[in-house]
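Asks: Below: one structure in structure tokens.
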């Protein structure tokens, strides 16, 4: 693996490196960790990389790695930069024969997302978008239960992602993480909806197996001086007739990252939240509720494949992240060996999820500023 971004002061880069390393399948061999060559060099030194594999720019890195013998060069690149620096390195890497792992949201805008999808399809390479929460075993279990029709026709989807870390004007106090996320030239046209609303949207479609066809949104900016939304509510309509509600807020003072989803069908429903990630609460119309647990013998092959420890041993955010890298790497190795990947390996977010995520941002912003609030979901 090579890495672009994730240098000094970055939060998510370290998370990606831990996740990639967890199963012993992936080795970090090179990187361009900062747009500042000296900072990139410092990060590479701290990670014990060979100095000649630490680059001053992503262009130099991709060009140089492409020129190395196949047995030595990186097999794929992980891109962990701010949103406005996603498209160009991802496109360049694919065009030079490298598989790509990319942090979400996929690009700066929808036009870039559509172009990147075309590049992925032309390249024949694997592409993974790190919507972390789809990596949890019990999220995968929930998806399979709904897919199997245990609750009948799906009628209602609730998904929420509350955070409180932007309750004050922290971007004016030198916070690097807040700085770029609230800057429309780096983040794109949405703030909270781009950063965490896309996670909630992806989780709703992934778990339910449905697609949003219409939406009605209301975006808010509560903190004075902030340039992008820090809160929002979205009403959803799905392709089977179900309705839904999506809430994403970064000014929910005192809340952490407890993303939560509830899905209801004709016969019952289920509920999952990150605060108790190893459990699904299953509720029935005509019998007592049940609790399904990670690591148990009754879960699906998708859930068991993505569990590492026996039941009762907590697995969390880092393990969910690692599941994306593990499944992606198993598919890459299968392609190298001219083998067919197993269905469980292929279960990670890809370029189509990325395009729909960018379309979600575009449609939510459009609806929030429109006089007629309900709009068709257009890609």
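No value in this document is a laboratory result; all are computed from the given coordinates. As the structure is a prediction and not an experimental result, all values here were calculated from the model. Every residue, glycine as well, gets a Cβ built from its backbone with ideal geometry; the counts of neighbours run over all protein chains shown.
Asks: Once R0 is set to 30 Å, what does the formula 1/(1 + (r/R0)^6) return for the Cβ-Cβ distance between residue 173 and residue 366, expressed as a FRET efficiency to the nearest 0.05?
Replies: After rounding to 0.05, the efficiency reads 0.40.
Asks: Can you tell me the Rg and Dmax of the stretch 2-129, counting just the alpha carbons, in angstroms?
Replies: Answer for the stretch 2-129, Rg first and Dmax second: 13.6, 38 Å.
Asks: Ok, one more. With a 10 Å Cβ neighbour count serving as the proxy for reagent exposure, in which order, fewest first, do 70, 112 appear?
Replies: Neighbour counts put them in this order, fewest first: 70, 112.
Asks: Roughly what % of DSSP beta bridges within the chain run antiparallel, to the nearest 5?
Replies: So the antiparallel bridges in the chain amount to around 60 percent.
Asks: Another question, then. Going by alpha carbons, how many degrees (0 to 90, nearest 10) lie between the helix axis of 12-21 and the longest principal axis of the chain?
Replies: 80 degrees
Asks: Note the angle between two axes, namely the Cα long axis of helix 137-147 and the longest principal axis of the Cα atoms of the chain, as a number of degrees from 0 to 90, rounded to the nearest 10.
Replies: 50 degrees
Asks: Just grab the label-to-label distance for residue 338 and residue 38, each label 7 Å out from Cα along the Cβ direction, in nm (one decimal).
Replies: 5.1 nm
Asks: Taking Cα atoms, how many degrees apart are the long axis of helix 317-336 and the longest axis of the chain, rounded to 10 and kept between 0 and 90?
Replies: Approximately 60 degrees, to the nearest ten.
Asks: Would you order 18, 196 from fewest to most other beta-carbon atoms within 10 Å of each residue's own beta-carbon?
Replies: 18, 196
Asks: Report the gain in length on full extension from residue 52 to residue 291: 0.36 nm times residue separation, minus Cα-Cα distance, nm rounded to one decimal.
Replies: 80.8 nm
Asks: Given the rule -39500 (n - 2.57) for each run of at least 4 DSSP H residues, summed and divided by the residues of the chain, what is its mean residue ellipticity at 222 nm, to the nearest 500 deg cm²/dmol?
Replies: Per the formula, -10000 deg cm²/dmol.
Asks: Taking the beta-carbon count within 10 Å as an exposure proxy, list 133, 298, 158 from fewest neighbours to most.
Replies: Ascending Cβ contact count within 10 Å gives the list 298, 158, 133.
Asks: Counting each pair of different Cα atoms once, what's the Kirkwood radius of the stretch 106-174 in Å, rounded to one decimal?
Replies: About 16.6 Å for the stretch 106-174.
Asks: Please work out the C-alpha center-to-center distance from the stretch 1-62 to the stretch 327-379 and express it in whole Å.
Replies: 26 Å
Asks: Would you please classify the overall shape of the chain from the alpha carbon gyration tensor, given that a ≥ b ≥ c denote the square roots of the eigenvalues, rounded means a/c under 1.5, and beyond that prolate means a/b larger than b/c while oblate covers the rest?
Replies: It comes out oblate by the Cα gyration axes.
Asks: Turning to a different aspect of this structure: Over all distinct alpha-carbon pairs, what is the Kirkwood Rh of the stretch 51-102 in angstrom?
Replies: Result for the stretch 51-102 stands at 11.3 Å.
Asks: Could you tell me the calculated FRET efficiency between residue 222 and residue 148, based on Cβ-Cβ distance and R0 = 41 angstrom, to the nearest 0.05?
Replies: Between residue 222 and residue 148 the formula returns 0.50.
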